[in-house]
1. Mind checking whether some residue in the stretch 88-100 is surrounded by fewer than 18 Cβ atoms within 10 Å (Cβ to Cβ), within 16 Å of the ligand (Cβ to nearest atom) and of a type outside the set (Asp, Glu)?
2. Counting just the residues of the stretch 105-124 that are more than 16 Å from the ligand (Cβ to nearest atom) and in contact with a helix residue (DSSP H, G or I) (Cβ under 7 Å, 6 or more places away or on another chain), which one comes out farthest from Asp33 (Cα to Cα)?
3. Could you please find all residues in the stretch 349-393 being basic (Lys, Arg) and more than 21 Å from Glu426 (Cβ to Cβ)?
4. In the stretch 283-323, how many are assigned to a helix (DSSP H, G or I) and within 14 Å of the ligand (Cβ to nearest atom)?
5. So is Ile148 under 30 Å from Thr366 (Cβ atoms), more than 16 Å from the ligand (Cβ to nearest atom) and either hydrophobic (A, V, I, L, M, F, W, C) or in contact with a Lys or Arg (Cβ under 9 Å, 6 or more places away or on another chain) (or both) or not?
6. Of (1) at pLDDT 95 or above; (2) within 16 Å of the ligand (Cβ to nearest atom), Lys2 satisfies all except one. Which?
7. If you take the residues of the stretch 190-230 that are aliphatic (A, V, I, L, M), surrounded by 22 or more Cβ atoms within 10 Å (Cβ to Cβ) and within 16 Å of the ligand (Cβ to nearest atom), which of them is farthest from Arg31 (Cα to Cα)?
8. When you scan the stretch 338-349, do you find a residue that is touching a strand residue (DSSP E or B) at 6+ places or on another chain (Cβ under 8 Å), buried (at least 18 other Cβ atoms within 10 Å of the Cβ) and touching a residue at least 40 places away in the same chain (Cβ under 8 Å), even just one?
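The values are calculated or read from the model by the stated rules, or taken from the named source; none is laboratory data. Because the structure is a prediction, the values reported are computed rather than measured. Glycine also receives a Cβ, built like all others from the backbone with ideal geometry; neighbour counts cover every protein chain displayed.
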Amino acid sequence: MKMWDGRFSKPSATLMDRFNRSLGVDAALGREDIEGSIAWAAALKKVRILSVREHAAIDRGLRSLLNEWKNGTIRFLDSDEDVHMAIERLLVDKIGAAGEKLHTGRSRNDQVATDTRLFTMRRVGEITKLIGAVQKALLLRAKADRAIIAPAFTHLQQAQPIVLSQYWLSLLFALEREKTRFAEARQCADLMPLGSGAVAGSGFPVDRELLARLLGFSAISQNSIDGVSSRDFVLQALACCASCGVLLSRYAEDLIIWSSREFAFVELDDAWSTGSSMMPQKKNPDSLELVRGKAGRFVGNYTRFAATLKGVGLAYYKDLQEDKEPLFDSLEQLGLVLDVFANVIATLTVKTDAVSRDLDPLLLATDLADYLVGKGIAFRKAHNVVGKIVACSISSGAPLTGFSVDQLREFSPLFGTDALAVFKWENAVARRNAVGGTAPASVARQIKQAEKMLGKVQS
Ligand code: ARG
């Protein structure tokens with residue numbers, strides 16, 4: 001027997017039941033569903049649909065189910081269609097006929113939208129904390145690696161010298177924007193649909209402000225059709241997960257390359273690496289490969305639900321049941337990705353010698369051109385002069401930093417004895433002191449700024 005089968009003359013097909021059932025996925029909403037029902041019962045008592053006695057019985061029954069859910073002892077049945085039906089059945093099993101009044105004036109349509117919004121708000125809050133943990137790990141690295149001169153790459157070719165902190169801080173600042181995106185996603189979810197009924201609004205004058213207060217929503221939906229049909233908050237949360245996942249995948253890619261024998265800039269801690277079943281010598285950066293790989297999953301989950309939502313008319317249709325699997329998956333997996341990534345960053349070893357050992361002297365070519373600009377010629381001309389010096393360095397095999405002033409003067413009379421100061425790595429980074437640059441003074445300002453953003457960080 002089903003809760004809705006009064007008008008049917010025969011039972012639904014077994015395959016239809018299996019096809020329709022969502023409990024395997026939406027059981028995760030147990031807590032939100034029970035809390036939503038506790039609030040709903042209070043609202044029904046206020047409009048005297050429930051007597052004080054009935055309300056007390058329902059409230060007690062729901063609270064005991066909430067405990068069971070928290071302890072993991074709640075017993076759903078294979079025959080339960082979804083989490084909402086399961087909780088209602090368990091309540092009636094527990095307290096009897098009074099439980100049959102709970103669904104008055106409510107629909108699973110406003111119920112599921114409420115549960116999913118609450119769930120999203122909570123999980124997004126957890127994700128934001130985990131992003132903060134990655135940022136803290138990066139900040140500690142940035143503070144530790146200020147004196148390490150490293151090549152910055154463009155096109156995977158050595159480009160210009162930086163201090164290594166500059167690299168760690170780049171991700172720290174990018175993650176701050178991800179936090180902002182998630183804060184917006186949380187705000188989008190923070191709109192309570194409960195009291196919208198199936199589509200036209202509840203048939204009882206329930207106090208929706210009271211419901212919102214009880215459940216921790218700061219706003220209520222102003223239109224019942226919007227209340228039951230909107231899933232933009234799901235798309236937004238999925239888009240945030242995709243954005244954050246894609247960002248981390250790019251850093252994972254860099255670090256995977258840096259951990260190779262050819263680069264050997266970093267070594268991952270054993271605890272965050274894995275071995276090979278065949279090759280005894282192997283130590284693989286699987287943690288980072290999964291961080292990178294799961295980005296595809298986040299993008300897929302967004303695309304998957306966007307494709308489902310497209311064309312679903314403005315009301316509840318069962319298509320919307322397909323929102324939960326991608327949403328739960330992205331929120332859970334991004335949590336794992338962030339947690340693992342924070343640990344990888346916190347425990348890896350920077351191979352200081354390797355980072356600085358192979359700096360190509362040609363990385364100072366821009367600085368040499370800038371020197372000529374300082375002597376009064378146009379940058380484009382300076383670029384050409386230094387290009388010729390670079391070509392000479394390459395063809396003769398003499399490193400740029402070995403050129404004497406006299407040799408430089410063969411290319412331009414503007415070179416003076418002060419030109420040789422250009423060949424000091426420290427000078428090259430120190431010059432880049434405009435806001436955001438890699439100069440130690442600029443990095444110190446970035447660190448200050450980051451500390452202000454994150455609050456005090458224990459080292
Ligand atoms: N299991 C459904 C979902 O997740 C709950 C809402 C069902 N509503 C309905 N009218 N059939 O979307």
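1. Yes: the stretch 88-100 contains one or more residues that are surrounded by fewer than 18 Cβ atoms within 10 Å (Cβ to Cβ), within 16 Å of the ligand (Cβ to nearest atom) and of a type outside the set (Asp, Glu).
2. Quick first cut of the stretch 105-124, residues more than 16 Å from the ligand (Cβ to nearest atom) only: 121-124.
Now narrow it down to the ones that are in contact with a helix residue (DSSP H, G or I) (Cβ under 7 Å, 6 or more places away or on another chain): 121, 123-124.
Numbers: Met121: 14, Arg123: 15, Val124: 18 Å.
It comes out as Val124.
3. First, pick out the residues of the stretch 349-393 that are basic (Lys, Arg): 351, 357, 375, 380-381, 388.
Result: Lys375, Arg380, Lys381, Lys388.
4. Our first condition is that a residue be assigned to a helix (DSSP H, G or I); within the stretch 283-323, this holds for 286-309, 318-323.
Okay, now just the ones that are also within 14 Å of the ligand (Cβ to nearest atom), so 305, 308-309, 318-323.
Qualifying residue count, the stretch 283-323: 9.
5. Numbers: under 30 Å from Thr366 (Cβ atoms): yes; more than 16 Å from the ligand (Cβ to nearest atom): yes; either hydrophobic (A, V, I, L, M, F, W, C) or in contact with a Lys or Arg (Cβ under 9 Å, 6 or more places away or on another chain) (or both): yes.
Answer is yes for this residue.
6. Every listed condition holds for Lys2 apart from (1).
7. Only one residue tops the list, namely Val228.
8. First, the residues of the stretch 338-349 that are touching a strand residue (DSSP E or B) at 6+ places or on another chain (Cβ under 8 Å): 348-349.
Within this subset, residues satisfying the condition of being buried (at least 18 other Cβ atoms within 10 Å of the Cβ) are 348.
From the residues that got through so far, the ones that are touching a residue at least 40 places away in the same chain (Cβ under 8 Å) too are 348.
Yes, the stretch 338-349 contains at least one residue that is touching a strand residue (DSSP E or B) at 6+ places or on another chain (Cβ under 8 Å), buried (at least 18 other Cβ atoms within 10 Å of the Cβ) and touching a residue at least 40 places away in the same chain (Cβ under 8 Å).
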